[in-house]
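What follows is calculated from the coordinates using simple rules that are stated; it is not laboratory data. No experiment lies behind these values; they were computed from the predicted model shown. Don't worry about glycine lacking a Cβ; one is built from the backbone with ideal geometry, like all the others, and counts go over all protein chains shown.
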Amino acid sequence: MPSAKQLFHAIVIVGAALTAGCGDDESKPSTDAGMADASRVIDAALPIDGGADARVDAMVIIL
Amino acid sequence: MKALPERDPTIDALAPESRSRLATIWAQRAESELAAGVAFAAVARELRELDADPVVLELADQAAADEPRHAELCLRLAAAYAGAPAATPPPRAVTLPEHAGAGDALRKHLHAAGMCCINESIACAFIEVCLDDAAGPLVRAIHREHLSDEIEHARVGWAHFASPRVDAATRREVARWLPRLLSANLENWRSRIAWLPADGIAGHALPPSARCFEAARAAVRDVIIPGFAHVGIDAAHAAAWFASLRPQ
């Protein structure tokens with residue numbers, strides 16, 4: 001079974017590189033100004049409703 | 001796609017009750033794949049409305065086209081397990097989440113995050129553990145085909161959020177929504193996995209359900225949360241949410 005690192009590379013690193021040119025180095029920070037700005041933001045997360053109510057935010061899955 | 005094996009001796013050798021259960025599971029899976037195709041078509045349309053990168057749009061259109069083919073592959077397995085042709089399920093109505101409180105544009109970004117970054121990434125991890133447990137040639141071939149495509153489908157989201165076309169304000173909002181999206185979608189996976197046989201069916205891409213759910217959780221922890229950070233979306237809230245979960 002592939003490791004989490006292999007899966008991360010296959011989908012996140014390769015996927016991101018398609019539009020942002022992040023390349024193969026997963027430690028390399030993005031140079032996009034918007035990303036740099038977002039990384040500094042400390043904002044309140046939205047509350048998570050309990051139980052079935054929370055599932056209204058779920059998307060379709062293949063299973 | 002490579003030609004699929006005509007026969008699978010591991011299916012022929014399986015006990016009738018297990019064959020019947022697997023036929024039902026794969027017929028249901030075909031229905032889910034068709035619904036995912038409808039959802040992907042809607043997400044592709046929304047990404048176009050957001051003026052997403054052309055690479056993202058191309059991938060999203062391909063994803064919408066892939067899912068009906070996945071449904072056919074699922075029906076092929078359903079028929080192999082049933083020993084009889086499997087009927088194509090009727091189309092299911094699909095409604096994308098309203099994400100109450102999000103504006104129109106943000107809602108479309110959240111749909112891409114939920115469908116692609118979260119669910120398709122979890123799907124990759126789920127299919128990996130299933131493939132790991134698959135012994136027969138037909139079962140393995142179909143799972144390899146699915147996994148290959150699901151990787152591409154997950155990339156739609158990661159490519160989109162890595163794109164400079166997603167602005168800083170949107171990134172901040174998506175970061176706030178991440179715990180809610182992750183919670184909702186992981187719960188969706190948990191409930192669907194709970195529908196599968198708890199002990200699995202060894203050799204038939206159906207591991208014990210605890211192993212399947214652990215794969216989904218691990219994908220959230222090791223791939224999705226770090227993935228959002230990689231594409232410039234603050235994942236601190238998401239990481240705190242995950243840390244607050246009870247161990248399984």
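Key figures for this structure:
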{"quantity": "Residue within the stretch B:28-50 that is more than 21 Å from residue B:115 (Cα to Cα), in a helix (DSSP H, G or I), among the aromatic types (Phe, Trp, Tyr) and touching a residue at least 24 places away in the same chain (Cβ under 8 Å) present", "calculated": "no"}
{"quantity": "Enumeration of residues in the stretch B:147-178 that are over 18 Å from the mean Cα position of the chain (by Cα), charged (D, E, K, R) and facing chain A (nearest Cβ under 7 Å)", "calculated": "B:167, B:171, B:172, B:176"}
{"quantity": "Residue, nearest to the other protein chains (Cβ to nearest Cβ), within the stretch B:123-144, restricted to residues that are buried (at least 20 other Cβ atoms within 10 Å of the Cβ) and outside any helix (DSSP H, G or I)", "calculated": "B:133"}
{"quantity": "Which listed residue, of B:25, B:11, is among the hydrophobic types (A, V, I, L, M, F, W, C), farther than 30 Å from residue B:109 by Cβ, out of contact with any Gly (no Cβ under 9 Å at 6 or more places or on another chain) and in a helix (DSSP H, G or I)", "calculated": "B:25"}
{"quantity": "Where a residue in the stretch B:108-120 is within 8 Å of chain A (Cβ to nearest Cβ) and within 13 Å of residue B:64 (Cβ to Cβ) and its partner, wherever it lies, is surrounded by 24 or more Cβ atoms within 10 Å (Cβ to Cβ) and aromatic (Phe, Trp, Tyr), with Cβ under 7 Å and at least six apart", "calculated": "B:115/B:40"}
{"quantity": "Single residue of the stretch B:207-248 satisfying the filter (closer than 16 Å to residue B:127 by Cβ, more than 8 Å from chain A (Cβ to nearest Cβ) and β-branched (Val, Ile, Thr)) that is surrounded by the fewest Cβ atoms within 10 Å (Cβ to Cβ)", "calculated": "B:220"}
{"quantity": "The stretch B:86-106 - residue that is assigned to a helix (DSSP H, G or I) and in contact (Cβ under 8 Å) with a residue 60 or more places away in the chain and, of those, farthest from the chain's Cα centre (by Cα)", "calculated": "B:105"}
{"quantity": "In the stretch B:51-80, residue surrounded by the most Cβ atoms within 10 Å (Cβ to Cβ) [restricted to those that are within 12 Å of chain A (Cβ to nearest Cβ) and not in a helix (DSSP H, G or I)]", "calculated": "B:52"}
{"quantity": "Residue pairs meeting the criteria (Cβ under 6 Å; at least 6 apart or on separate chains; first under 9 Å from residue A:48 (Cα atoms) and without any contact (Cβ under 8 Å) to a residue 12 or more places away in the chain, in the stretch B:170-182; second crowded, with 24+ Cβ neighbours inside 10 Å and of a type outside the set (Lys, Arg))", "calculated": "B:180/A:57"}
